[in-house]
1. Can you give me the long-range amide H partners of residue 32? Hydrogens built in the peptide plane at 1.01 Å from N, cutoff under 5 Å, separation of 5 or more residues or another chain.
2. Which order do the peptides 290-300, 446-456, 228-238 come out in when sorted by mean C-beta neighbours inside 10 angstrom, highest first?
3. Based on the alpha-carbon gyration tensor of region 117-207 and its eigenvalue square roots a ≥ b ≥ c, which shape applies: rounded if a/c is under 1.5, prolate if not and a/b is larger than b/c, or oblate?
4. Can you pull a Stokes-Einstein diffusion coefficient for region 454-512 at 20 °C (1.002 mPa s), Rh from Kirkwood over Cα pairs, as a whole number of µm²/s?
5. Filter the GluC sites (Glu not before Pro) in region 142-231 to those in DSSP coil with at most 15 other Cβ atoms within 10 Å of their Cβ, and list the result.
6. Once label points are set 7 Å from the Cα along Cα→Cβ at both residue 297 and residue 316, what is their separation, rounded to one decimal in nm?
7. Given that just one value was derived from the coordinates, which of (1) 76, 63, 47; (2) 78, 57, 44; (3) 75, 51, 48 is Cα extents along the principal axes in Å?
8. Among the lysines, which fall within straight-line cross-link reach of residue 288, defined as a Cα-Cα distance under 26 Å, with same-chain neighbours fewer than 8 residues apart omitted?
Amino acid sequence: MLGLMQDWPLLLHRIIDHAAIYHGTRPVITRSVEGPIVETNYAEIRARALKVAQRLERDGVKLGDRVATLAWNTWRHLECWYGILGTGAVYHTVNPRLFPDQIVWIINHAEDKVMMLDLTFVPLMEKLADKLPTIERYIILTDAAHMPQTTLKNAVAYEDWIAEADGDFAWKQFDENTAAGMCYTSGTTGDPKGVLYSHRSNTLHAFMAALPDSKNLSATDVCLPVVPFFHANGWSLAFSTPMVGASLVLPGAKMDGASIYELLDTYKVSFTAAVPTVWLMLLQDLEKTGAKLPHLKRVVIGGSACPRAMAKTFEEKYDVEVVHAWGMTEMSPLGSLCTMKPEYAALTGDARLDIQQKQGHPPFGVEMKITDDEGKRLAWDGKVFGRLKVRGPAVAKAYFKNKDNILDAEGFFDTGDVATIDQYGYMQVTDRAKDVIKSGGEWISSIDLENLAVGHPKVAEAAVIGIAHPKWDERPLLVIVLKKGETATKDDILGFMQGKVAKWWLPDDVAFVEDIPHTATGKIQKTTLRKQFRDYRLPTVEAAE
């Protein structure tokens, strides 16, 4: 027997409908790419998104067509997403931080029909356009006054383009499992892989993201998504924020510490989210200026592990709650958030920071397990670590145009991370499976060593890689970038780490470098570091030989 409830498909354009009807005057504020601050609201966003949908349909965009966006977080980009979705087309966020060859590969693989791009990226696309045969038109996200001369095919200024529509358009209706968005993995190994979200998966994920033990979003919040929309589905903030009717502040192209602080302070932002490198810039700016964060309540830090020192500074110096999050493109992307259950809520100081180093517990909609290499489930004791696998309604079951099976016999996706899970369901990533250092048959977590090293007051950034060793197979090498103007020795760094991890975990050597390579999404690029140090000889090797 089936229930007698209404059939109301979970379509993403219903979110902007809800925001426009019930939170219509809530502000959406943007630092525009052209420079000035632009203020609009959800009712206006929806009205203009309808024009986008109407105009796309007139240009021949149909159900299932891919529309690329190459853009910063702005009100126009948000309008584009909802307009694309309302026609039944698929938004495809292109990451401008990828290498040009990767951008070409991704656009051709997706077979994008139209590209909507910010002024910043016009020169880049002019260089690549002749390699992109599927794109029929380029829509530049600006007005006539700022429209550049360009060789891009059928190029038009966005404001002129939507001015040709009157907005008298009804959103298309289709199955909630229809494709909605596409985002490619960063392709650190092999070609990038296309993850194809559905209306249903993104809507359910937005609910998951807004929950109290997730981002705890409400209509009283002022949200600043520093994480770009092109990074892992924008961490759902383009959906979860209007879903609850929170105000939005969008940073545009300026991501430096001073610019982010200006928005946080001027608009009394209560919630924000980004990768650790962004917060490193903000904290350095605050240290320099002596400014405070009186309005900010919560900061979500994800994309890579949150350094302990960063969490400590935010909470103890600025009274801002840090929520350490974990996820991946294949998970839409949220997998877990480190909010405090009753078992840990009373903890303070170092004991609390110990828990905050974990990536946290999953919201409803994400199931987790850890297994050994043979697929056998491992204990949840917070000590045993194994391969982290996940399943749920917003987890990928396959890659676009790829017939490879990516699920195990129980339907779980192998994340490629190695993790522990404790008795209360808190997960902690100890490494990427390919980055864990295997020394004498035991595993050493590079992430734990990196977090420890970054706690040194003179260290700006740290990375740990395994170096070949004749006796132990691999031993850790610690690669350090010092803060500007600081000096330190190997003994200074190792002395700081002594006694805080098992003695056999301590790096065999420390290398000081000017900078550490990063991927397009801001993660440390271990593959490049390994190439850089492939001929490195550890000082302990001679003793072993």
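The values are calculated or read from the model by the stated rules, or taken from the named source; none is laboratory data. Predicted model only: the values in this text are computed from it and were never measured. Neighbour counts run over all protein chains shown; Cβ positions are idealised from the backbone, glycine included. Only protein heavy atoms, including side chains, enter the accessible area calculation; ligands, DNA and RNA are left aside. Shrake-Rupley method; radii C 1.70, N 1.55, O 1.52, S 1.80 Å.
1. 37, 38
2. The densest-packed peptide leads the list: 228-238, 446-456, 290-300.
3. oblate
4. 178
5. Here the GluC sites (Glu not before Pro) that fit, given the DSSP loop and packing criteria, are 164.
6. For residue 297 paired with residue 316, the spin-label model returns 2.5 nm.
7. (1)
8. The reachable lysines, counting only those whose Cα sits under 26 Å from residue 288, are 254, 268, 297, 312, 317, 458, 483, 484, 523.
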